[in-house]
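A.B. asks: Have a look at this one.
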Amino acid sequence: MSKTATLTIDGNSYEFPIKVGTENEIAIDINSLRSSTSGIITIDPGFKNTGSCESAITFLDGEKGILRYRGYAIEELAEKADFLEVAYLLIFGELPTAETLAKFHSDIKAQSHVDEDVKKIIDGFPKSAHPMGVLSSLTSALVAFNPSSVNVDSEEEMYNAIVRILGKFPVLTAWAYRKRAGLPLDYGDDSLGYVENFLKMMFKKPSGEFTSNPVVVDAMDKLLILHADHEQNCSTSTVRMVGSSHAGLFVSISAGIAALWGPLHGGANQAVIEMLEAIKEDGGDTKKYMAKAKDKKDPFRLMGFGHRVYKNFDPRAKIIKKAADSVLSDLGVEDPVLDIAKGLEKEALEDSYFVDRKLYPNVDFYSGIMYRAMGIPVEMFTPMFALGRLPGWIAQWREMRLKKEPIGRPRQVYIGENQRSFKKISDR
Ligand code: SDX
C-alpha cells in the first residue's frame, strides 16, 4: 500500500498521506488540502465517503456484516456479557473485573436520584408528548441540577459525569413512559440489576408488587447490548459535533437523542411496527407495500430495511430475529406482524430492487416486535434505542474530548447569488 495519494488539478500534483487502520481501512488524510491547493476542498453530502475521526471504540465491516465493540464480536457480547459490562467496555476500553463492575454499578446506583423539581418539568408536558421529545428536554434539564461542564482532564470528574448520566437516564426514560401512562413517577430498587431495576421503574404498579420475568430481563439486556454503539452514525456524530464545542456531556447527549428520533435513524423501530400494522390492517398485502417502496414517486420506504454501512445482513438484525422467535414463544405471545415481517423479508431478499441496492433488514426491523412482546408501548421503542445507545454516545464523546479534537466546522461550496447592490423597497 503506498504511503501517499496524489491529486492532480490543472497540471499541479498534490500529495496527501494515507492512513491505514488496524482493520486495514484506508483513508486519505486531507488535512492540508485547502492550504496546499490555496482553497480547494472536498464535498460529500451525508459524509458517505468521509471519515470524521479515528476511533478505537467500534469496528463495522458493512460488506462482511461484522460488528465489534473494542475488538469483541457482537455475537459473543450479546450471548455472554451483560449490558453494564458492555457499557464499561465501550467507555473505558476493557472488560471490567468483577470488582470493577460491582463498583461501577454501585457508583451508578449512588447517582440514580433525580431532583424532585424535575417532576415539575415533566408536569408541564401534555400526556400526548412523544417520550423522545420529553427525554431530550429532561436530559438537557439535568444541567440545571448537576455540574454543567466536565473537566475532561480530571479522570475523577469524567468518571463522575459518566456514572451520573448512567444513573439518571433510566429514571428519566421510565418517567417519560409513566407520564404518558398516568402513573406516579417513582424509583425502582437498588438491590436489583441495572436492567431489572429499569423494568421495575417502568412497569411497577402503584398498588402491586413488581416481579420481573427473567425472559424479559434477558431479552431487554440483549437488545440494549445490540444497540450500545455503532461507530459514527447520525446521532453519535451529533453527540461528537455538539461536544466538540466543549458543550457539556448531558446537552451533547440531549442533541444525540434528538437526532436518533428521526424515522430514518432510531425512529425507524417505531415506524416499522406502524408499517407492519398498516399491512396487517390492509389484509397482509405485502406486495402492495413492496411496490410502494420501489415506486420513486412514492415517498414510502420499507422501514427497517437498508443501511448506510451494511451492504449485507446487519448482524444485529440476525440476532434479534432469532431472539424474537424464542422470546415470543417463552412469553406465549402470538404476534401476527412477526409473520408479516418474515414474509416481507423473504420477498425483499428475492426482489432485484432490494438485492441490487443491497437492502437488507437492519437493527430496527425486528426489534419492535420484541419490545412489543415485552409490554413496551410503540412510542417507547426509540427511547429504548436511546437507553441502549447511551454508553456508546458517552464513549465516543469521551474519546473525542480526551483526544482534544478540534471544534467541528465543515466547509461548503457556495452556489447562491454573486454580489449585488441593495435596492430600495420602492424600487423592488
Ligand atoms: C439506524 O448509521 C447507523 O449505524 C444507523 C444505525 C445505528 O445503529 O446507529 O444502524 C441505526 O438508523 C438503522 C437504519 C434505520 N432506518 C430505516 O430503516 C429507514 C429506512 N431505510 C432508509 O431510509 C435508508 O436505507 C437509510 C437511511 C438507512 C440509508 O440511507 P442511505 O445510505 O442514504 O441510502 P439511500 O437513501 O441513498 O438509498 C440508496 C438507494 C436509493 O434508491 P436509488 O436512488 O439508488 O434508486 O436505496 C433505496 C433508495 O431509494 N432505498 C430504499 C430503502 N433504503 C434505501 N428503498 C426502499 N426502502 C428502503 N428502506
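A.B. asks: How many nm separate the modelled label positions at GLU23 and SER106, each set 7 Å beyond the Cα in the direction of the Cβ?
C.D. replies: Between GLU23 and SER106, the label points sit 3.7 nm apart.
A.B. asks: May I pose another question? Please give, to one decimal in nm, the separation of the simple spin-label points placed at HIS246 and LYS64, each 7 Å out from Cα toward the Cβ.
C.D. replies: 4.1
A.B. asks: Quick one: ranking SER245, SER35, SER112 by accessible area, 1.4 Å probe, largest first, what do you get?
C.D. replies: Working: SER245 65, SER35 95, SER112 25 Å².
Accessible-area ranking of SER245, SER35, SER112, largest first: SER35, SER245, SER112.
A.B. asks: Over what distance in Å are the Cα centres of region 1-75 and region 175-214 separated?
C.D. replies: Here the answer is 45 Å between Cα centres.
A.B. asks: Find the relative contact order for the chain and round it to a whole percent, using C-alpha pairs within less than 8 Å whose residues are 6+ positions apart. The partial results should precede the final answer.
C.D. replies: Numbers: 559 pairs, mean separation 84.0, N = 428.
It rounds to 20 percent for the chain.
A.B. asks: How large is ³J(HN,Hα) for each residue in region 179-190, as worked out from phi by the Karplus curve 6.51 cos²θ - 1.76 cosθ + 1.60 (θ = phi - 60°), to whole Hz, x for Gly and Pro?
C.D. replies: 4, 5, 7, x, 9, x, 8, 10, 9, x, 8, 4
A.B. asks: In addition: Kindly provide the helix-only [θ] at 222 nm of the chain, computed as the sum of -39,500 (n - 2.57) over DSSP H runs of four or more divided by all residues, to the nearest 500 deg cm²/dmol?
C.D. replies: Working: 18 runs with 214 residues, N = 428.
Estimated from H runs of four or more residues: -15500 deg cm²/dmol.
A.B. asks: Still on this structure, please answer the following. Would you please give the FRET efficiency between SER191 and LYS3, computed as 1/(1 + (r/R0)^6) with r the Cβ-Cβ distance and R0 = 41 Å, to the nearest 0.05? Intermediate results must be reported in sequence, preceding the final value.
C.D. replies: Numbers: r = 57 Å, r/R0 = 1.40.
Computed FRET efficiency for SER191 and LYS3 comes out at 0.10.
A.B. asks: Looking only at ALA98, ALA271, ALA219, which one moves most when the chain is put into a Gaussian network model with springs between Cα atoms under 10 Å?
C.D. replies: ALA98
A.B. asks: Continuing with this model, one more query. Expressed as an acute angle from 0 to 90° and rounded to the nearest 10, what is the orientation of the C-alpha long axis of helix 214-226 relative to the principal long axis of the chain?
C.D. replies: 10
A.B. asks: Something else: Roughly how tilted is helix 249-260, in degrees to the nearest 10 and between 0 and 90, from the longest Cα axis of the chain?
C.D. replies: Rounded to the nearest ten degrees, it is 90.
A.B. asks: A follow-up question, please. Carbon and sulfur: what percent of the chain's accessible surface (1.4 Å probe)?
C.D. replies: 52
A.B. asks: A follow-up question, please. Post the alpha-carbon centroid distance, region 321-366 to region 382-412, in whole angstrom.
C.D. replies: First find each Cα centre; the distance between them is then 30 Å.
A.B. asks: Still on this structure, please answer the following. Multiply the residue gap between GLU405 and SER352 by 0.36 nm, knock off their C-alpha separation, and tell me the result in nm, one decimal place.
C.D. replies: Here the answer is 14.8 nm.
A.B. asks: Per residue of region 228-237, in order, report the coupling 6.51 cos²θ - 1.76 cosθ + 1.60 (Karplus, θ = phi - 60°) as ³J(HN,Hα) in whole Hz, putting x for Gly and Pro.
C.D. replies: So the J values, rounded to whole Hz, are 5, 7, 7, 6, 9, 5, 3, 6, 5, 4.
The values are calculated or read from the model by the stated rules, or taken from the named source; none is laboratory data. Keep in mind it's a predicted model, so treat the numbers as computed, not measured. Using ideal geometry, Cβ is built from the backbone for each residue, glycine included, and neighbour counts are taken over all protein chains shown. For accessibility, only protein heavy atoms count, side chains too; no ligands or nucleic acids. Shrake-Rupley method; radii C 1.70, N 1.55, O 1.52, S 1.80 Å.
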